[in-house]
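Asks: Please see the structure below; I have some questions.
The values are calculated or read from the model by the stated rules, or taken from the named source; none is laboratory data. Everything numeric in this text was worked out from a predicted model, so none of it was measured. Cβ coordinates were reconstructed from backbone atoms using ideal geometry, including for glycine residues, and neighbour counts include every protein chain displayed. Just so you know, the surface numbers come from the protein's heavy atoms only, side chains and all, with ligands and any DNA or RNA stripped out. Shrake-Rupley method; radii C 1.70, N 1.55, O 1.52, S 1.80 Å.
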Amino acid sequence: AQSVAQPEDQVNVAEGNPLTVKCTYSVSGNPYLFWYVQYPNRGLQFLLKYITGDNLVKGSYGFEAEFNKSQTSFHLKKPSALVSDSALYFCAVYNFNKFYFGSGTKLNVKP
Amino acid sequence: DTGVSQDPRHKITKRGQNVTFRCDPISEHNRLYWYRQTLGQGPEFLTYFQNEAQLEKSRLLSDRFSAERPKGSFSTLEIQRTEQGDSAMYLCASSLLQAMQETQYFGPGTRLLVL
């Protein structure tokens, strides 16, 4: 069975500090991994994806994610958080023509 | 605007009524997905189309739910005899399947409240 876990319901970070939002996955075969962001009362916006190649993937708004096959993780990172980064973040895995989403992590960036 | 659009953005209905939502995907996209999202949860897959063909429907989906994509462009999702448990955000996403890869782009969603 395919699954995605986001172990933290909420992450709090001060503006200017680095942030990490964690994601682990369980799939059969090679995964395609995604991060999306959702602002209140809005749909999900695509941030970045890993298909193959370099384990460090760079995406929109200064975000990046690191694929770690041995740990089956795909953590989202940003070197310096902004208050405007506060939102709900979803990790997703694409496998056998379907997307499986995690339950989301709420990121709070405080001034 | 060339993104995914959904209509209406909000719908309030009484239990037992039928509702229909529309999704207009990005024009060149061949796949269209419907999801349901409840508060504090990630999107839950409902069904998806490749062109006009409905390829998969979630086993969790009640027979009261039906979706169509008649010409391989826009899609409608109908819920018959709505129940309070149907209250949720309904998200549509589209993608272009190429080389066995795709990236989904989401619409703003339709928020349904069943009274």
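Asks: Pulled fully out, how much extra length does the chain show between B:Phe74 and B:Ile26, if you take 0.36 nm times their separation in residues and subtract their Cα-Cα distance?
Replies: On the way: separation 48, 0.36 × 48 = 17.28 nm, distance 0.93 nm.
So the extension gain works out to 16.3 nm.
Asks: Moving to a separate point now. So for the protein assembly as shown, what percent of the C-alpha to C-alpha distances run longer than 29 Å? Intermediate values should be presented prior to the final figure.
Replies: Values: 7022 of 25425 pairs.
Tail of P(r) above 29 Å: 28 percent of Cα pairs.
Asks: Another question, then. Ignoring ligands, DNA and RNA, what accessible area per residue does the protein assembly as shown give at 1.4 Å, in Å²?
Replies: Values: 11270 Å² over 226 residues.
That works out to 50 Å² per residue.
Asks: Still on this structure, please answer the following. Give, in whole angstrom and from largest to smallest, the semi-axes √(5λ) of the equivalent ellipsoid of chain B, with λ running over the eigenvalues of the Cα gyration tensor. Walk me through the intermediate numbers first.
Replies: Working: eigenvalues 109, 39, 34 Å².
Each semi-axis is the square root of five times an eigenvalue, giving 23, 14, 13 Å.
Asks: How about B:Lys57: which lysines have a C-alpha closer than 28 Å to its C-alpha, ignoring those fewer than 8 places off in the same chain?
Replies: Within the straight-line cut-off, B:Lys57 pairs with A:Lys49, A:Lys98, B:Lys11, B:Lys14, B:Lys71.
Asks: Would you mind working out the magnitude of the charge dipole of chain B relative to its Cα centre, with +1 at each Lys and Arg C-beta and -1 at each Asp and Glu C-beta, to the nearest 20 Debye?
Replies: Roughly 420 debye for chain B.
Asks: With a ≥ b ≥ c taken as the square roots of the eigenvalues of the C-alpha gyration tensor of region A:8-108, please select rounded if a/c is under 1.5 and otherwise prolate if a/b is larger than b/c or oblate if it is not?
Replies: Prolate, since a/c reaches 1.5 and a/b exceeds b/c.
Asks: List the residues of region B:23-56 whose backbone N lies under 11 Å from a point placed 7 Å from the Cα of A:Ser3 along the Cα-to-Cβ direction.
Replies: It comes to no residues whatsoever.
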